[in-house]
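S.K.: To start, I am sharing the structure in question, which I have written as structure tokens.
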Amino acid sequence: MESILPWGCFLVLVIALVASGGDRRAKLLDRRMQRLERKVDLLLAHVGAEEPEDPRMAELDELLVQGKTVHAVKLHRELTGSSLLEAKEAVERRMR
């Protein structure tokens, strides 16, 4: 029994290290993606071009006219893959 305890602790430690390494890599990739998106935004602004809008955004606008904000946020998340907070903020900006 006493020989199992150290091995169990070792196994838990290894699992924790592997999990934290994957999380660190995801954070690095997320930061890199954010930098790339900023660069693309700057390039689009420099040439005076706008990102083409998804035709389904008209459907989102119609939901807002009907007062269906929750459905609009859900649709925005489906179209853009954004988080709940990002979609909520984007829909609120669109309402203005």
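S.K.: Out of the stretch 74-96, which residues are part of a loop (DSSP other than H, G, I, E, B) and either of a type in the set (Val, Ile, Thr) or open to solvent by 40 Å² or more (accessible area, probe 1.4 Å) (or both)? Reasoning before the result, please.
M.R.: Going residue by residue through the stretch 74-96, those that are part of a loop (DSSP other than H, G, I, E, B) are 81-83, 96.
If the condition is that a residue be part of a loop (DSSP other than H, G, I, E, B) and either of a type in the set (Val, Ile, Thr) or open to solvent by 40 Å² or more (accessible area, probe 1.4 Å) (or both), then Gly81, Ser83, Arg96 are the ones that fit.
S.K.: Under 7 Å by Cβ, and 6 or more places apart or on different chains, what pairs join a residue from the stretch 36-62 that is free of Cβ contacts under 8 Å to residues at least 12 places away in the same chain with one that is part of a loop (DSSP other than H, G, I, E, B) and of a type outside the set (S, T, N, Q)?
M.R.: Short answer, once both residue conditions are applied: Leu44/Glu50; Leu44/Glu51.
The values are calculated or read from the model by the stated rules, or taken from the named source; none is laboratory data. Note that the coordinates shown come from a computational prediction; the quantities given were computed from them, not determined experimentally. Cβ sites come from the backbone with ideal geometry, for glycine too, and all protein chains shown count toward neighbours. The protein model used for the area step is the full one, side chains on, heavy atoms only, and it has no ligands, DNA or RNA in it. Shrake-Rupley method; radii C 1.70, N 1.55, O 1.52, S 1.80 Å.
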